[in-house]
């Protein structure tokens, strides 16, 4: 609700409630009045403070229900930051209901008015939501597309109240982002919303508030610790660190604390989504992924520049390995059966590859026809040499090795490395070396480490 304007309501049933939400800040007295306009109405007021997580705290000492039914009767209370020193800048909600179970329906109109004694001026207020309602560094007041003046460390600016609707905007450095509405999406970009920036301010509106938060954007990638495979569809939860702002607060999506927030999951290549935008404090990261134990990455965001992207790099999630044999439990169960006893260095299908190697290469350790080899090694019609084609697994790194004499066993890296992504099923490489008496090629698979 816009401070300075009025709303008219009535009660449609005995348990009907009307709620309004507004921003209040220190330095001002916010008067809340409900005037009964008809005979069958008995309003009752309650005031709540909206906590950072969206929960409401009842300020019972501000409740008001002094009178009964009657036209012209006014129930009134006020947010006086000087009198009630426990009040803090933030969003407040007013609940209006009927103090008389029979006072509803016809003739139950009332007018709700929230205002400050501004002397006929418009107060434009800009606050740092994250830092206790402090001033916003570098903020400027613009009206009608023109710069009025910078805030210069102040939290509010008083200007002449516009005679007609006026577009008011508070411009801030990239360090800050506007605080989004908890209940309706995209309201910060809506010029007709009470939290829009810019937004239209109506004649008679005495207080226009703008809330911002310094933010950090996080990017990164999640991979399997042992195979290097990118891990998609992993849930990301950032948790504020102990000793900092609101310790152990979980933030699971964007916008933080909004009822419509989009949960954060990695994409098929293991990359963070593009909207990992957080209040600029320090965080641990908890990662949840099907068939993996929950992963904890401490101090994953411990240093950053506000609203610039911080790349946390590649995070590696270790698979479950209860028996400690270096093979993922789920892979082992899929291949050998649940609760099977498997040695990583054994080769039960006698194809020349151990269970550990087949696990890494993505082949079947129980099938002797399933092993890592070139799919083809065919002469190239247009160039001298050989085309090598081999199967790949996501996240593995492949290189071409070259050996001139097998007896010596000296192999050198000749081409690569190349990392396979989730779209890649195979890779090919063409040798353009001149013919030699003896020339041997090999394909090596490894992790990115």
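No lab work stands behind these numbers, since they all come straight from the coordinates. Quick caveat, the model's predicted, so the values are computed rather than measured. Heads up, the Cβs are rebuilt from the backbone with ideal geometry, glycines too, and the neighbour counts pull from every protein chain shown.
Table for the structure above
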| read-out | value |
| --- | --- |
| Computed E for residue 440/residue 318 - FRET, C-beta separation, R0 25 angstrom, nearest 0.05 | 0.10 |
| Residue 184-residue 107 FRET efficiency (beta carbon distance; Förster radius 35 Å; 0.05 resolution) | 0.60 |
| MRE, 222 nm, helices only [DSSP H, n ≥ 4, -39500 (n - 2.57), over the chain, to nearest 500] | -1000 deg cm²/dmol |
| Relative contact order of region 6-115, pairs being alpha-carbon contacts under 8 Å that are 6 or more residues apart, as % | 49 percent |
| Estimated FRET transfer efficiency (residue 148, residue 246; beta-carbon r; R0 41 Å; 0.05) | 0.75 |
| Two-decimal ratio, the chain, of alpha-carbon radius of gyration to 2.2 N^0.38 Å | 1.46 |
| Label-zone membership for region 134-158, site residue 164, 7 angstrom Cα→C-beta point, backbone N under 20 Å | 142-148 |
| Centroid-to-centroid separation of region 81-153 and region 196-234 [C-alpha atoms, Å] | 24 Å |
| Within a Gaussian network of the chain (alpha carbon springs, distance under 10 Å), most fluctuating of 175, 315, 242 | 242 |
| Alpha-carbon centroids, region 393-420 and region 311-373: separation in whole Å | 22 Å |
| Simple spin-label estimate for residue 269 and residue 413 in nanometres, 7 Å along Cα-Cβ | 2.2 nm |
| Taking N as its residue count, the alpha carbon Rg of region 6-115 over 2.2 N^0.38 Å | 1.06 |
| Relative contact order (percent, whole number), the chain, Cα cutoff 8 Å, 6+ residue spacing | 11 percent |
| Fraction of beta bridges assigned by DSSP in the chain that are antiparallel (%, nearest 5) | 90 percent |
| Stretchable slack from residue 426 to residue 8, in nm (0.36 nm times residue separation minus alpha-carbon distance) | 143.6 nm |
